[in-house]
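The values are calculated or read from the model by the stated rules, or taken from the named source; none is laboratory data. Just so we're clear, the structure is a prediction, and the values are computed from it rather than from any experiment. Here the Cβ positions follow ideal geometry from the backbone for every residue, glycine too, while neighbour counts run over all protein chains shown. We work out accessible area using only protein heavy atoms, side chains counted, and drop any ligands, DNA or RNA first. Shrake-Rupley method; radii C 1.70, N 1.55, O 1.52, S 1.80 Å.
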Amino acid sequence: MEQKIDEIPAKFGLVGFMLGIVSLVVILIQFSAFFEPQEKSSGIVIGEIAADIKQSAARALSGEPAPEPTPLPEITVDSSRLRRSVQPVLPSC
């Protein structure tokens with residue numbers, strides 16, 4: 001007597017695999033948001049502003065000149081670097 005087992009292909013194997021990948025990605029996103037530095041509270045921001053005002057007032061009363069403002073960094077665009085970055089996506093560049 002011979003026993004024969006009917007092989008039934010899996011119907012939802014790929015769907016289950018994809019759902020597993022999606023769930024792992026969601027968990028990684030949640031963990032990365034958990035370890036992200038928290039925003040400063042409004043009390044801390046107001047305290048920092050008050051300290052700056054106090055230092056400025058003390059400097060003005062003592063006759064010291066105001067500090068020079070820090071210059072903004074220059075932003076340069078390197079066209080050849082930009083072209084190399086875009087070329088794989090837009091080969092006509």
Original post:
Can you tell me how many residues in segment 19-37 are open to solvent by 100 Å² or more (accessible area, probe 1.4 Å) and in a helix (DSSP H, G or I)?
Top reply: 7
Original post:
Can you tell me which residue in segment 38-66 is surrounded by the most Cβ atoms within 10 Å (Cβ to Cβ), limited to those that are in a loop (DSSP other than H, G, I, E, B) and of a type in the set (S, T, N, Q)?
Top reply: Ser41
Original post:
Failed condition for Ile75, given (1) outside any helix (DSSP H, G or I); (2) surrounded by 10 or more Cβ atoms within 10 Å (Cβ to Cβ), with all others met?
Top reply: (2)
